[in-house]
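Right, one structure below, let's go through it.
The values are calculated or read from the model by the stated rules, or taken from the named source; none is laboratory data. What you see is a predicted model, and the numbers here were worked out from it, not measured in a lab. Here the Cβ is made from the backbone with ideal geometry for all residues, glycine too, and neighbour counts use every protein chain on show. The protein model used for the area step is the full one, side chains on, heavy atoms only, and it has no ligands, DNA or RNA in it. Shrake-Rupley method; radii C 1.70, N 1.55, O 1.52, S 1.80 Å.
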Amino acid sequence: MQSTYQHLIDLNDYPVEWWNKIVELGADIYEHPGRYTHACDGKVMATLFYEPSTRTQMSFQAAMIRVGGSIIGFDNPATSSVSKGENLKDTTKIVSNYADLLVIRHPSAGSARVAALSADCPVINAGDGGHLHPTQTLTDMLTLRMEKGRLSGLTVGLCGDLINGRTVHSLCKALSCYPDNHFILISTPELRLPFYIKDIITANGGTYEEMSSLDDAMGKLDVLYMTRIQQERFASREEYLAQKDTYVLTKEKMKHGKSDLIVLHPLPRLDEIEIAVDNDPRAMYFKQAQYGMYVRMALIMTILDQNRPSKLLVGKTHPGVQCQNPACITRTEPGLPHSFRGEGTTLECEYCDERLLLEH
(Lines give C-alpha, C1' and ligand atoms only; values in the text may rest on other atoms or scores of the structure.)
Protein backbone atom coordinates (compact mmCIF):
# COMPACT_ATOMS: atom_id res chain seq x y z
CA MET A 1 0.00 0.00 0.00
CA GLN A 2 1.34 3.41 -0.97
CA SER A 3 0.67 6.64 0.90
CA THR A 4 0.41 10.11 -0.58
CA TYR A 5 2.71 11.41 2.16
CA GLN A 6 6.32 10.95 3.18
CA HIS A 7 6.50 9.42 6.66
CA LEU A 8 9.28 8.43 9.04
CA ILE A 9 8.36 4.99 10.37
CA ASP A 10 11.74 3.26 10.18
CA LEU A 11 15.05 4.95 9.37
CA ASN A 12 15.85 2.04 7.07
CA ASP A 13 13.08 3.17 4.75
CA TYR A 14 15.52 5.92 3.73
CA PRO A 15 19.03 5.78 2.26
CA VAL A 16 22.06 6.67 4.37
CA GLU A 17 22.44 9.90 2.40
CA TRP A 18 19.09 11.07 3.77
CA TRP A 19 20.16 10.31 7.35
CA ASN A 20 23.34 12.32 6.77
CA LYS A 21 21.28 15.23 5.45
CA ILE A 22 19.18 15.29 8.65
CA VAL A 23 22.24 15.03 10.90
CA GLU A 24 24.11 17.80 9.06
CA LEU A 25 21.06 20.05 9.12
CA GLY A 26 20.70 19.37 12.86
CA ALA A 27 24.34 20.37 13.37
CA ASP A 28 23.79 23.61 11.47
CA ILE A 29 20.66 24.41 13.49
CA TYR A 30 22.60 23.76 16.70
CA GLU A 31 25.30 26.18 15.60
CA HIS A 32 22.99 28.79 13.98
CA PRO A 33 19.50 28.46 15.54
CA GLY A 34 18.44 31.99 14.57
CA ARG A 35 18.44 31.11 10.88
CA TYR A 36 15.50 28.71 11.34
CA THR A 37 13.13 30.63 13.61
CA HIS A 38 10.40 30.99 10.96
CA ALA A 39 11.02 27.83 8.91
CA CYS A 40 7.61 26.34 9.75
CA ASP A 41 5.44 29.42 10.34
CA GLY A 42 1.75 28.55 10.20
CA LYS A 43 2.27 24.77 10.44
CA VAL A 44 0.56 22.61 13.08
CA MET A 45 2.02 19.43 14.61
CA ALA A 46 -0.16 16.93 16.49
CA THR A 47 1.46 14.72 19.15
CA LEU A 48 -0.36 11.49 20.06
CA PHE A 49 1.45 9.97 23.04
CA TYR A 50 -0.16 6.76 24.24
CA GLU A 51 2.81 6.17 26.58
CA PRO A 52 4.51 8.48 29.12
CA SER A 53 7.38 10.58 27.79
CA THR A 54 9.40 13.59 28.88
CA ARG A 55 12.32 14.04 26.45
CA THR A 56 10.75 12.82 23.22
CA GLN A 57 7.46 14.62 23.66
CA MET A 58 8.87 17.89 24.96
CA SER A 59 11.75 17.98 22.50
CA PHE A 60 9.30 17.54 19.61
CA GLN A 61 7.10 20.28 21.03
CA ALA A 62 10.05 22.61 21.64
CA ALA A 63 11.42 21.82 18.17
CA MET A 64 8.15 22.77 16.47
CA ILE A 65 7.82 25.98 18.47
CA ARG A 66 11.43 26.96 17.73
CA VAL A 67 10.86 26.69 13.96
CA GLY A 68 7.71 28.83 14.20
CA GLY A 69 4.98 26.17 14.28
CA SER A 70 2.31 25.29 16.84
CA ILE A 71 1.22 22.07 18.55
CA ILE A 72 -1.93 20.14 19.48
CA GLY A 73 -2.45 16.62 20.81
CA PHE A 74 -2.58 14.53 23.97
CA ASP A 75 -0.06 12.94 26.31
CA ASN A 76 -2.55 10.71 28.12
CA PRO A 77 -5.01 8.57 26.14
CA ALA A 78 -7.32 8.57 29.17
CA THR A 79 -8.13 12.21 28.39
CA SER A 80 -9.01 11.45 24.75
CA SER A 81 -11.62 9.36 22.93
CA VAL A 82 -9.20 6.44 23.17
CA SER A 83 -10.61 5.95 26.68
CA LYS A 84 -14.02 5.34 25.06
CA GLY A 85 -12.63 2.56 22.91
CA GLU A 86 -11.74 4.47 19.74
CA ASN A 87 -9.31 2.49 17.60
CA LEU A 88 -5.99 3.81 16.33
CA LYS A 89 -7.19 4.16 12.74
CA ASP A 90 -10.09 6.44 13.70
CA THR A 91 -8.02 8.57 16.11
CA THR A 92 -5.31 9.04 13.50
CA LYS A 93 -7.79 9.85 10.73
CA ILE A 94 -9.54 12.50 12.82
CA VAL A 95 -6.47 14.20 14.31
CA SER A 96 -4.60 14.28 10.99
CA ASN A 97 -7.40 16.47 9.62
CA TYR A 98 -6.33 19.17 12.07
CA ALA A 99 -2.57 19.04 11.56
CA ASP A 100 0.20 19.23 8.96
CA LEU A 101 2.28 16.60 10.77
CA LEU A 102 1.49 13.82 13.25
CA VAL A 103 3.95 12.42 15.81
CA ILE A 104 2.93 9.21 17.56
CA ARG A 105 4.21 7.10 20.44
CA HIS A 106 2.34 3.88 21.16
CA PRO A 107 3.03 0.68 23.14
CA SER A 108 2.31 -1.72 20.25
CA ALA A 109 4.99 -2.65 17.72
CA GLY A 110 4.02 -1.47 14.25
CA SER A 111 1.57 1.17 15.48
CA ALA A 112 3.25 4.05 13.63
CA ARG A 113 2.92 2.21 10.33
CA VAL A 114 -0.76 1.61 11.05
CA ALA A 115 -1.24 5.30 11.86
CA ALA A 116 0.35 6.22 8.53
CA LEU A 117 -2.06 3.92 6.66
CA SER A 118 -4.99 6.19 7.52
CA ALA A 119 -3.41 9.59 8.22
CA ASP A 120 -4.06 12.57 5.96
CA CYS A 121 -0.67 14.08 6.77
CA PRO A 122 2.90 12.80 7.30
CA VAL A 123 3.52 10.60 10.36
CA ILE A 124 6.68 10.40 12.48
CA ASN A 125 7.30 7.36 14.67
CA ALA A 126 8.24 8.53 18.18
CA GLY A 127 8.53 4.96 19.49
CA ASP A 128 6.34 1.91 18.83
CA GLY A 129 6.59 -0.40 21.83
CA GLY A 130 9.88 -2.28 22.03
CA HIS A 131 10.26 -2.15 18.27
CA LEU A 132 11.79 1.06 16.86
CA HIS A 133 12.59 4.63 17.89
CA PRO A 134 14.03 6.32 14.77
CA THR A 135 14.13 9.89 16.12
CA GLN A 136 16.16 8.75 19.12
CA THR A 137 18.54 7.15 16.65
CA LEU A 138 18.87 10.45 14.79
CA THR A 139 19.55 12.06 18.17
CA ASP A 140 22.26 9.49 18.86
CA MET A 141 23.76 10.00 15.42
CA LEU A 142 23.91 13.78 15.83
CA THR A 143 25.54 13.26 19.24
CA LEU A 144 28.20 11.02 17.69
CA ARG A 145 28.72 13.51 14.85
CA MET A 146 29.23 16.38 17.30
CA GLU A 147 31.17 14.57 20.03
CA LYS A 148 33.18 11.92 18.13
CA GLY A 149 33.35 13.61 14.74
CA ARG A 150 32.34 10.48 12.84
CA LEU A 151 29.74 7.73 12.45
CA SER A 152 32.14 5.01 11.29
CA GLY A 153 35.10 3.13 12.71
CA LEU A 154 33.55 2.96 16.19
CA THR A 155 33.43 0.25 18.81
CA VAL A 156 30.00 0.67 20.39
CA GLY A 157 29.02 -1.10 23.58
CA LEU A 158 25.30 -1.54 24.21
CA CYS A 159 24.47 -2.58 27.75
CA GLY A 160 21.35 -3.71 29.56
CA ASP A 161 17.94 -4.56 28.10
CA LEU A 162 18.82 -5.33 24.51
CA ILE A 163 15.79 -7.50 23.75
CA ASN A 164 13.17 -4.82 24.51
CA GLY A 165 15.26 -1.72 23.82
CA ARG A 166 13.78 -0.04 20.74
CA THR A 167 16.54 2.59 20.89
CA VAL A 168 19.15 -0.16 20.76
CA HIS A 169 17.43 -1.89 17.83
CA SER A 170 17.23 1.30 15.80
CA LEU A 171 20.81 2.33 16.57
CA CYS A 172 22.24 -1.07 15.63
CA LYS A 173 20.37 -1.06 12.34
CA ALA A 174 21.56 2.45 11.52
CA LEU A 175 25.21 2.33 12.59
CA SER A 176 25.73 -1.03 10.87
CA CYS A 177 25.22 0.84 7.59
CA TYR A 178 28.43 2.83 8.19
CA PRO A 179 31.80 1.14 7.61
CA ASP A 180 33.96 -0.52 10.25
CA ASN A 181 31.57 -0.31 13.20
CA HIS A 182 31.83 -3.07 15.78
CA PHE A 183 29.17 -3.76 18.41
CA ILE A 184 29.78 -5.26 21.84
CA LEU A 185 26.45 -6.53 23.15
CA ILE A 186 26.50 -6.63 26.95
CA SER A 187 23.52 -8.36 28.55
CA THR A 188 22.24 -11.37 30.41
CA PRO A 189 21.11 -14.36 28.30
CA GLU A 190 17.47 -13.38 28.91
CA LEU A 191 17.98 -9.83 27.56
CA ARG A 192 20.09 -10.55 24.47
CA LEU A 193 19.61 -8.64 21.24
CA PRO A 194 16.99 -10.30 18.97
CA PHE A 195 18.34 -12.52 16.22
CA TYR A 196 16.82 -10.45 13.44
CA ILE A 197 18.79 -7.37 14.57
CA LYS A 198 22.00 -9.39 14.69
CA ASP A 199 21.29 -10.62 11.18
CA ILE A 200 20.84 -7.03 10.00
CA ILE A 201 24.20 -6.05 11.53
CA THR A 202 26.06 -8.80 9.69
CA ALA A 203 24.11 -8.35 6.45
CA ASN A 204 25.17 -4.69 6.43
CA GLY A 205 28.83 -5.59 6.95
CA GLY A 206 29.04 -4.80 10.67
CA THR A 207 30.44 -7.11 13.32
CA TYR A 208 29.40 -7.93 16.86
CA GLU A 209 30.34 -9.94 19.91
CA GLU A 210 28.31 -10.78 23.00
CA MET A 211 29.56 -10.37 26.56
CA SER A 212 27.99 -10.67 29.99
CA SER A 213 30.47 -8.42 31.87
CA LEU A 214 30.45 -4.62 31.60
CA ASP A 215 33.80 -4.49 33.44
CA ASP A 216 35.48 -6.64 30.79
CA ALA A 217 34.13 -4.51 27.95
CA MET A 218 34.92 -1.01 29.25
CA GLY A 219 38.48 -0.67 27.96
CA LYS A 220 37.49 -1.60 24.40
CA LEU A 221 34.78 1.01 23.85
CA ASP A 222 34.62 4.30 21.98
CA VAL A 223 30.94 4.63 22.92
CA LEU A 224 28.99 3.07 25.78
CA TYR A 225 25.23 3.09 25.32
CA MET A 226 23.58 2.28 28.63
CA THR A 227 19.90 1.33 28.81
CA ARG A 228 17.25 1.06 31.46
CA ILE A 229 15.85 -2.35 32.36
CA GLN A 230 12.27 -1.59 31.33
CA GLN A 231 9.75 -2.85 33.87
CA GLU A 232 6.85 -2.13 31.49
CA ARG A 233 8.19 -4.67 28.98
CA PHE A 234 8.25 -7.62 31.42
CA ALA A 235 5.38 -10.07 31.88
CA SER A 236 5.72 -9.97 35.68
CA ARG A 237 7.39 -7.88 38.38
CA GLU A 238 9.34 -10.95 39.49
CA GLU A 239 10.99 -11.25 36.06
CA TYR A 240 11.86 -7.54 36.16
CA LEU A 241 13.35 -7.68 39.66
CA ALA A 242 15.54 -10.62 38.64
CA GLN A 243 17.24 -8.42 36.01
CA LYS A 244 17.02 -4.80 37.19
CA ASP A 245 20.33 -4.39 39.07
CA THR A 246 22.53 -6.53 36.82
CA TYR A 247 24.39 -3.63 35.18
CA VAL A 248 25.32 -0.42 36.98
CA LEU A 249 27.86 2.06 35.62
CA THR A 250 29.93 3.49 38.48
CA LYS A 251 32.83 5.93 38.87
CA GLU A 252 35.05 2.92 39.51
CA LYS A 253 34.08 1.30 36.21
CA MET A 254 34.64 4.59 34.38
CA LYS A 255 38.30 4.47 35.41
CA HIS A 256 38.73 1.56 32.99
CA GLY A 257 37.27 3.45 30.02
CA LYS A 258 39.23 5.31 27.35
CA SER A 259 39.94 9.00 27.87
CA ASP A 260 37.78 9.85 24.84
CA LEU A 261 34.97 7.42 25.66
CA ILE A 262 31.50 8.93 25.58
CA VAL A 263 28.60 7.52 27.59
CA LEU A 264 25.11 7.78 26.11
CA HIS A 265 21.70 6.85 27.51
CA PRO A 266 18.28 7.46 25.93
CA LEU A 267 16.90 8.28 29.40
CA PRO A 268 15.12 8.12 31.77
CA ARG A 269 17.67 6.37 33.94
CA LEU A 270 16.89 4.62 37.19
CA ASP A 271 19.95 3.26 38.97
CA GLU A 272 21.91 1.89 36.00
CA ILE A 273 24.21 4.94 36.00
CA GLU A 274 25.52 6.11 39.35
CA ILE A 275 24.75 9.81 39.98
CA ALA A 276 28.45 10.47 40.58
CA VAL A 277 29.18 9.59 36.92
CA ASP A 278 27.30 12.76 35.88
CA ASN A 279 30.36 14.84 36.78
CA ASP A 280 32.62 12.88 34.42
CA PRO A 281 33.20 14.90 31.20
CA ARG A 282 32.68 11.69 29.24
CA ALA A 283 29.06 11.47 30.46
CA MET A 284 27.16 12.82 27.47
CA TYR A 285 23.54 11.77 28.13
CA PHE A 286 22.19 15.17 29.16
CA LYS A 287 23.81 16.89 26.19
CA GLN A 288 22.52 14.02 24.05
CA ALA A 289 18.97 14.95 25.09
CA GLN A 290 19.65 18.54 24.05
CA TYR A 291 20.88 17.43 20.63
CA GLY A 292 17.55 15.62 20.28
CA MET A 293 15.68 18.90 19.99
CA TYR A 294 17.93 20.16 17.19
CA VAL A 295 17.76 16.98 15.15
CA ARG A 296 13.96 16.95 15.51
CA MET A 297 13.87 20.54 14.25
CA ALA A 298 15.78 19.31 11.20
CA LEU A 299 13.45 16.34 10.79
CA ILE A 300 10.24 18.40 11.05
CA MET A 301 11.51 20.86 8.45
CA THR A 302 12.57 18.08 6.09
CA ILE A 303 9.40 15.99 6.36
CA LEU A 304 7.16 19.02 5.84
CA ASP A 305 9.20 20.04 2.81
CA GLN A 306 8.95 16.74 0.93
CA ASN A 307 5.96 15.30 -0.86
CA ARG A 308 7.19 12.08 -2.42
CA PRO A 309 4.97 9.13 -1.41
CA SER A 310 5.87 6.32 0.99
CA LYS A 311 5.39 2.61 0.39
CA LEU A 312 3.87 1.42 3.65
CA LEU A 313 3.11 -2.23 2.81
CA VAL A 314 5.09 -4.04 0.13
CA GLY A 315 4.45 -7.67 1.13
CA LYS A 316 1.32 -9.75 0.89
CA THR A 317 -1.21 -11.58 3.02
CA HIS A 318 -1.33 -15.36 3.39
CA PRO A 319 -4.63 -17.13 4.14
CA GLY A 320 -4.87 -18.07 7.80
CA VAL A 321 -1.43 -16.68 8.70
CA GLN A 322 -1.14 -14.16 11.54
CA CYS A 323 1.80 -12.59 13.39
CA GLN A 324 2.63 -14.48 16.59
CA ASN A 325 4.21 -11.53 18.40
CA PRO A 326 1.86 -10.68 21.31
CA ALA A 327 3.07 -7.05 21.22
CA CYS A 328 2.27 -6.57 17.51
CA ILE A 329 -0.40 -4.00 16.64
CA THR A 330 -2.16 -6.63 14.51
CA ARG A 331 -3.19 -8.41 17.72
CA THR A 332 -5.29 -5.49 18.94
CA GLU A 333 -6.18 -3.22 16.00
CA PRO A 334 -9.18 -4.47 13.99
CA GLY A 335 -9.36 -4.63 10.21
CA LEU A 336 -5.63 -4.67 9.42
CA PRO A 337 -4.27 -6.69 6.51
CA HIS A 338 -1.85 -9.24 7.97
CA SER A 339 0.94 -8.40 5.57
CA PHE A 340 4.25 -10.27 5.45
CA ARG A 341 7.53 -9.89 3.58
CA GLY A 342 9.32 -12.95 2.28
CA GLU A 343 8.52 -16.17 0.51
CA GLY A 344 8.59 -19.87 1.23
CA THR A 345 8.62 -21.00 4.84
CA THR A 346 10.11 -17.84 6.37
CA LEU A 347 7.93 -14.74 6.59
CA GLU A 348 8.44 -11.41 8.36
CA CYS A 349 5.61 -9.28 9.72
CA GLU A 350 5.58 -5.88 7.99
CA TYR A 351 4.46 -4.14 11.16
CA CYS A 352 6.76 -5.50 13.88
CA ASP A 353 9.47 -7.41 11.89
CA GLU A 354 8.77 -10.60 13.85
CA ARG A 355 9.80 -13.74 11.95
CA LEU A 356 7.36 -16.56 11.37
CA LEU A 357 8.42 -20.03 10.27
CA LEU A 358 5.71 -21.90 8.38
CA GLU A 359 5.42 -25.65 8.56
CA HIS A 360 5.82 -27.58 5.30
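Using 0.36 nm times the number of residues separating E147 and D120, minus their current alpha carbon distance, what extension gain do you get? Show your work: numbers first, answer last.
Numbers: separation 27, 0.36 × 27 = 9.72 nm, distance 3.80 nm.
The span from E147 to D120 would gain 5.9 nm if fully extended.
Looking only at Cβ-Cβ distances, which cysteines of the chain have no other cysteine closer than 4.7 Å?
Singleton cysteines: C40, C121, C159, C172, C177.
What 222 nm value per residue comes from the helices of the chain, counting each DSSP H run with n ≥ 4 as -39,500 (n - 2.57) and dividing by all residues, nearest 500 deg cm²/dmol?
Calculated from helices alone, the mean residue ellipticity at 222 nm is -9500 deg cm²/dmol.
With a point put 7 Å past each Cα toward its Cβ, work out how far D271 is from I72 in nm, to one decimal.
Result: 4.5 nm between the two label points.
Less than 27 Å apart at the alpha-carbon level, and either on another chain or at least 8 residues along: which lysines does that give for K258?
K148, K173, K198, K220, K244, K287
Please compute the modelled spin-label separation between D280 and K84, points set 7 Å along Cα→Cβ, answer in nm with one decimal.
5.2
I need the shape label for the range 46-133. Rule: rounded when a/c is under 1.5, else prolate if a/b > b/c, else oblate, with a, b, c from the alpha carbon gyration tensor.
Details: a/c = 1.39, a/b = 1.21, b/c = 1.15.
Here the range 46-133 falls in the rounded category.
What shape does the chain have by the C-alpha gyration tensor, where a ≥ b ≥ c are the square roots of the eigenvalues, rounded means a/c under 1.5, and otherwise prolate means a/b greater than b/c and oblate the rest?
Oblate shape, in that a/c is at least 1.5 and b/c is the bigger or equal ratio.
Between the alpha-carbon centers of the range 153-190 and the range 79-117, tell me the distance in whole angstrom.
Using only Cα atoms, the two centres lie 30 Å from each other.
With all protein chains present, how much of the accessible area of the chain (probe radius 1.4 Å) comes from carbon and sulfur, to the nearest whole percent?
On the chain, the fraction of accessible area on carbon and sulfur atoms equals 49 percent.
Express the relative contact order of the chain as a whole percentage, based on alpha carbon pairs under 8 Å and six or more residues apart in sequence.
With pairs under 8 Å counted, the relative contact order is 20 percent.
Please give the per residue accessible area of the range 291-360, computed with a probe of 1.4 Å over protein heavy atoms only, in Å².
On the way: 3660 Å² over 70 residues.
I get 52 Å² per residue for the range 291-360.
If I stretch the segment between T37 and T332 completely, what's the gain in nm (0.36 nm per residue apart, minus their alpha carbon distance), one decimal?
The span from T37 to T332 would gain 102.1 nm if fully extended.
Relative contact order (percent) for the range 1-148, with alpha-carbon contacts under 8 angstrom and 6 or more residues of separation?
Worked out over the range 1-148, it gives 29 percent.
Starting from 0.36 nm per residue, how many nanometres of slack lie between K258 and D215 once their C-alpha separation is accounted for?
Details: separation 43, 0.36 × 43 = 15.48 nm, distance 1.28 nm.
Length difference between fully extended and current span is 14.2 nm.
Rounded to the nearest 20 Debye, what is the dipole magnitude of the range 3-67 about its Cα centre when Lys and Arg each give +1 and Asp and Glu each give -1 at the C-beta?
260
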